[in-house]
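Read-outs: derived from the displayed coordinates by stated rules, not from any lab. Source: prediction; values computed, not measured. Quick reminder, even Gly has a Cβ in these numbers, built from the backbone with ideal geometry, and neighbours come from all protein chains shown.
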């Protein structure tokens, strides 16, 4: 698996309260190269771990997580599973076999279509609930007004939609600084609706923001994130961001 695939695998593990541990061996062909494992929140091994580190393949971990998801889904149905019928006794008189028509199971519903686009003032109502999830108190009219201003400044936030329903937001900014040769880009807010998490939407929003800011001539991208959002900090580290400074604020 490539690094983005491993990041998605790590995100899937976190959604189930587990942690993906990656091998530190970086030389192809050496033992444990490309190996991974799973631990619980306390660091206790769950799958593919020994005293020296990870021993499982990404495919084995992926299968294990998929099995966990299937069991969770089955348990949520709260429907008893029928036992398999016992095989006919070998001593029973033989009867002609009846050909039964095997009905095909219904096809699963299609995955909702994911799209990422620039925000519009009409998105304001949907964005209010996402922004308030991060404890920012906003109103529809104010959000609508600010989106209009950002659209005029050609810095409209990015939104993610599933079947045209807004489920994610990524705010962007670009500024010229006296001490840097190139503009500095910034991701100032990133949030995905709880019901839509686990699909890699946050990762795709960040990638889209990086592409946009790169085209704007930015040579560096900063991320601002509240101190209490430790899971978000881990996410940004997985995306290749490093903590380089401390941000101070003062209300005017």
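List of remarks:
- For the options 120, 104, 154, a Gaussian network treatment of the chain with springs between C-alpha atoms closer than 10 Å singles out 104 as fluctuating the most.
- Structure remark: mean-square fluctuation, Gaussian network model of the chain, C-alpha springs under 10 Å; the largest value among 110, 157, 58 belongs to 110.
- When only Cα pairs below 8 angstrom with a gap of at least 6 residues are kept, the range 114-238 shows a relative contact order of 22 percent.
- Nearest-ten-degree value, helix 140-152 long axis tilted from longest Cα axis of the chain: 70
- Relative contact order of the range 177-252, defined on C-alpha pairs under 8 angstrom at six or more residues apart (%): 38
- Extending 7 Å from the Cα toward the beta-carbon at both residue 237 and residue 52 defines two label points whose distance is 2.6 nm.
- 0 to 90° range, to nearest 10: angle between helix 201-215 axis and the chain longest Cα axis: 40
- Degrees separating the helix 3-14 axis from the principal Cα axis of the chain, which is the longest one: 70
- With 0.36 nm allotted per residue and the present C-alpha distance subtracted, the residue 180-residue 164 stretch has 1.9 nm of extension available.
- Calculated diffusion of the chain, Stokes-Einstein form, Kirkwood radius summed over Cα pairs, 37 °C and 0.692 mPa s, µm²/s: 148
- Report note on the peptides 174-181, 223-230: ranked by the mean count of other C-beta atoms within 10 Å, highest first, their order is 223-230, 174-181.
- At 0.890 mPa s and 25 °C, Stokes D of the range 117-160 from Kirkwood alpha-carbon radius, µm² per second: 237
- Fraction of beta bridges assigned by DSSP in the chain that are antiparallel (%, nearest 5): 85
- Residue-averaged [θ]222 nm for the chain, counting only DSSP H segments that reach four residues, each worth -39500 (n - 2.57): -10000 deg cm²/dmol
- Springs join every pair of Cα atoms under 10 Å in this Gaussian network model of the chain, and among 166, 191, 151 the largest mean-square fluctuation is at 151.
- Over the chain, Cα pairs under 8 Å with separation of 6+ residues give a relative contact order of 11 percent.
- More than 24 Å apart - percent of Cα-Cα pairs taken over the range 114-238: 25
- log₁₀ of I(q)/I(0) at q = 0.28 Å⁻¹ - the range 3-75, Debye sum with one point per alpha carbon: -1.36
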